[in-house]
Amino acid sequence: QVQLVESGGGLVQTGGSLRLSCAASGRTFSDYAMGWFRQTPGKERAFVAAISWGGSSTYYADSVKGRFTISRDNAKNTVYLQMNSLKPEDTAVYYCAATSVRVGKRSYDYDYWGQGTQVTVSS
């Protein structure tokens, strides 16, 4: 079993920044590719960003490319999502996820999920 705990969410004005963190435990963190997803009420959970086991490959949704950066620190068992130039449409619950197979852009590609952290961007 792998446990994931997100932190760093909150309320920010349009154009502001936040950095989300996801701390992992239960297995060797470096064995997993990691992803970030987000969800609003009544909508399907959407892909945001992903990073490979070693951190050499990253992927982003078109809607966040150039504004968000995913990174990982395997020594700290932590993955990060730096969010800049935030917009009201970024408002959502953000979830981190882990997969032992490979990087994916669909929620069903991931085996483990955190509880989520709320990000609200005021207009």
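The values are calculated or read from the model by the stated rules, or taken from the named source; none is laboratory data. Because the structure is predicted, anything quoted here is derived from the model rather than measured. Every residue, glycine as well, gets a Cβ built from its backbone with ideal geometry; the counts of neighbours run over all protein chains shown. Areas reflect the complete protein model, heavy atoms only, side chains present, ligands, DNA and RNA absent. Shrake-Rupley method; radii C 1.70, N 1.55, O 1.52, S 1.80 Å.
General observations
- Filter result for residue 101 (of a type in the set (A, V, I, L, M) and modelled with pLDDT under 95): yes
- Cβ pairs under 8 Å, 6+ apart, first in segment 3-19 and of a type in the set (Asp, Glu), second open to solvent by 90 Å² or more (accessible area, probe 1.4 Å): 6/115
- Residue among 37, 68, 47 that alone is open to solvent by less than 50 Å² (accessible area, probe 1.4 Å) and free of Cβ contacts under 8 Å to residues at least 40 places away in the same chain: 68
- Pick from segment 95-122, criterion of a type in the set (S, T, N, Q) and under 17 Å from residue 68 (Cβ atoms), ranking: least open to solvent (accessible area, probe 1.4 Å): 117
- Scanning segment 3-24 turns up no residue that is basic (Lys, Arg), part of a strand (DSSP E or B) and over 17 Å from residue 78 (Cβ atoms).
- No other residue among 80, 112, 59 is modelled with pLDDT of 90 or more and in contact with a Cys (Cβ under 8 Å, 6 or more places away or on another chain) apart from 80.
- Residue match in segment 71-86 (condition: buried (at least 17 other Cβ atoms within 10 Å of the Cβ) and farther than 19 Å from residue 114 by Cα): yes
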